[in-house]
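The values are calculated or read from the model by the stated rules, or taken from the named source; none is laboratory data. All values derive from a computational prediction rather than experimental measurement. Neighbour counts are summed over all protein chains in view; Cβ atoms, including those assigned to glycine, are modelled from backbone coordinates with ideal geometry.
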Amino acid sequence: MHSFSNKEISEILSEYTDLMKIMGENKYRIRAYDNASRIVSDRSIDIEKLAKEDRLEEIKGIGQGIAKTIKDIFIDGYCQPLDELKKELPPGFEDLLNIPGLGPKTAQKFLDELDIKNIEELKKALKNQEIRKLKGMGTKTEKNLLEALLDYEDYVSYINLNKALSTSESLIKEIKEKSDQILEIETAGSIRRKKIKIGDIDILMAVKDKKEHSLLKVIRSLDLIEDILLKGDTKISARTTEGLQVDFRIVNSQEYPAALLYFTGSKYHNVKLRQIANKLGYKLNEYGLFDEDKRLNTASETEIYKLLDLKYIEPEIREDQGEIEAARQDKLPDLINLKDIKGDFHLHSNYSDGALTIEEMIKAALERGYHSLAITDHSQSLKIANGLSEDRVKKQWLEIEELREKYPDFLILKGIEVNIKKDGSLDYGNNLLKGFDVVIGSVHDNFNLSRQAMTNRIIKAIENEYIDIIGHPTGRMLGQRKPYNLDFSKIIEAAKKNNVLLEINASPARFDLNDKMARDTLDSNVKLIINTDAHHSEQYAYMRYGIYIARRAWAEKEDIVNTSSQKEIKKLFGVK
DNA sequence: GCCGTTTTCGGCCCGACTGTTTTCAGTCG
């Protein structure tokens, strides 16, 4: 038996799906494989274990055929049917499908009729105006494909949630200012679901008359809009000055709830809802829930769910990852809210690389309605961030003790973000560490250890009796640094055994843990703490992103330590 | 290829837009 991660199996199935599309396979077979690829990547099922125990068919969506395909991958070490398909196509050919507007049929046509084997050859053919000679192709197609190809070569694949939120909020604000026809307007799509990575922006609008509106003109005039990609009565696609696609959808008021549901997705959530609607004898589309041709009156998404015998499902968990079944049984989680948060426990002051004094950080925390915080500056070896020597730690403790007298009702914890060294030992000795109320262990160097070495390094830190929290557990920096190689299930296990918290670092540079890992953590009954890692009090506002991640992880108030009372916090961190 | 509170066979979510057609296939979400 060979070894493969869920992700690797998922990618093999996904590649197989792409190739089957090009070969013109049965579309339902393609769909089955596509679906299986998603299921395998999604949740924390242990695909390798199930394969070894011959229990793959227990997974819904995986039947005899795909179970055998997966099993054979573990036995052979590769996917034989995939390799056979690959032999029939030139290497690099499947990359053509990544170009927007170019699908399997067109790709196959290019190969058959012009012997185009890869993106380079396509570019040449487009520039030489060979494409327009093909039947069903014209100059317009040629021009569009060339543009799409050039875009693809230096494209924006995705942006982070914080950026997407601010862009969509600006767009909506400007549309409202420039048009008096908007009855309702809202961001839908993956932004409404608060996914961390956003591929495009979906904005839904309700107007009085879908045929008689001048929204195209308004959209064309928006500051952030560079050009229009597609224009219809109900759908307008545009591109921002930063190269991001925005889809505007236009409906009337009656249609709005169903449209909001539809355009929020996810696609897989929607498919499930439609299947349920069909079973109940209804039809669900973006214009409403229909009984025969009669639209049922639904004033909100909640009413649509209700007619489908489901409780309202929050957008953040609409991913077809068990939420529909939970909604049917009234077992949905009561998701945590921003207002439940009472403290922030990973903060930097001007003792290390923060911008403000401890007192300034306290004042801003009070303004946010918090009752607690922890000052956790960097430890001595992080010179670049002005890490604290033992003497400066002692000096900071004295200052905190004075501030405690000045703010008696507010809980100020003496904390530290201590470096976890390459061998898993910590940057301070236990004699100093035991004087802190909160010790966060973080990795700040030697990111390229082997999976085993990195896992052991962090586990060793978790086992130190003074460690309370593992900070930004995977070390990723969005768009800059990949997460380090880690057996995360072992980290969860160690955290559970040693009563250590794992952090959701809410800083937009990190978003670490991500939603899936956070959900896996909670599934193992390990609690999470959400911290902003603020270096300035303005960054307390990052807490909302941490909440989004937690909500996507199905977190309830009780799952997140920051919601505890001051008394509970004291008990948790052993403060008198 | 998967699935079943009518089914082990016969279905499988649904619609918008584009380009090139003249009624539709391809692509996308």
Any idea which of (1) under 30 Å from A:Glu463 (Cβ atoms); (2) surrounded by fewer than 16 Cβ atoms within 10 Å (Cβ to Cβ) is the one A:Glu360 doesn't satisfy? (1)
When only residues in the stretch A:292-332 that are over 30 Å from the mean Cα position of the chain (by Cα), surrounded by 13 or more Cβ atoms within 10 Å (Cβ to Cβ) and not aliphatic (A, V, I, L, M) count, which is farthest from DNA strand B (Cβ to nearest atom)? A:Thr298
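So which of A:Leu102, A:Leu96, A:Leu56 is out of contact with any Ser or Thr (no Cβ under 9 Å at 6 or more places or on another chain) and either touching a residue at least 24 places away in the same chain (Cβ under 8 Å) or near DNA strand B (Cβ under 8 Å from one of its atoms) (or both)?
Criteria check complete, one pass: A:Leu102.
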Quickly run through the stretch A:529-542 and pick out the residues that are within 21 Å of A:Arg192 (Cβ to Cβ) and buried (at least 21 other Cβ atoms within 10 Å of the Cβ). A:Ile530, A:Tyr542
Scope the stretch A:174-222; condition within 14 Å of DNA strand B (Cβ to nearest atom), of a type in the set (Lys, Arg) and part of a loop (DSSP other than H, G, I, E, B); matching residues: A:Arg193, A:Lys195, A:Lys210, A:Lys211
Answer residue from the stretch A:223-247, given it is within 10 Å of DNA strand B (Cβ to nearest atom) and hydrophobic (A, V, I, L, M, F, W, C) and is modelled with the highest pLDDT among those: A:Ile236
Hits in the stretch A:117-162 (condition: touching a residue at least 24 places away in the same chain (Cβ under 8 Å) and either among the polar types (S, T, N, Q) or more than 24 Å from A:Pro104 (Cβ to Cβ) (or both)): A:Asn118, A:Asn144, A:Val156, A:Ser157, A:Ile159, A:Asn160, A:Leu161, A:Asn162
If only one of A:Lys140, A:Lys163 is under 15 Å from the mean Cα position of the chain (by Cα) and either away from DNA strand B (no atom under 16 Å from the Cβ) or surrounded by fewer than 16 Cβ atoms within 10 Å (Cβ to Cβ) (or both), which one is it? A:Lys163
Yes or no: A:Asn419 in a strand (DSSP E or B), assigned by TED's automatic domain parsing to the domain that holds A:Phe511 and farther than 20 Å from A:Ile530 by Cβ? yes
Every residue in the stretch A:414-468 that is of a type in the set (Lys, Arg) and surrounded by fewer than 20 Cβ atoms within 10 Å (Cβ to Cβ), please. A:Lys421, A:Lys422, A:Lys434, A:Arg451, A:Lys460
Determine if the stretch A:267-286 includes at least one residue that is under 21 Å from A:Ala164 (Cβ atoms), near DNA strand B (Cβ under 10 Å from one of its atoms) and in contact (Cβ under 8 Å) with a residue 24 or more places away in the chain. yes
Would you please name the residue that is surrounded by the fewest Cβ atoms within 10 Å (Cβ to Cβ), looking only at residues in the stretch A:120-137 that are away from DNA strand B (no atom under 14 Å from the Cβ) and within 36 Å of the chain's Cα centre (by Cα)? A:Glu120
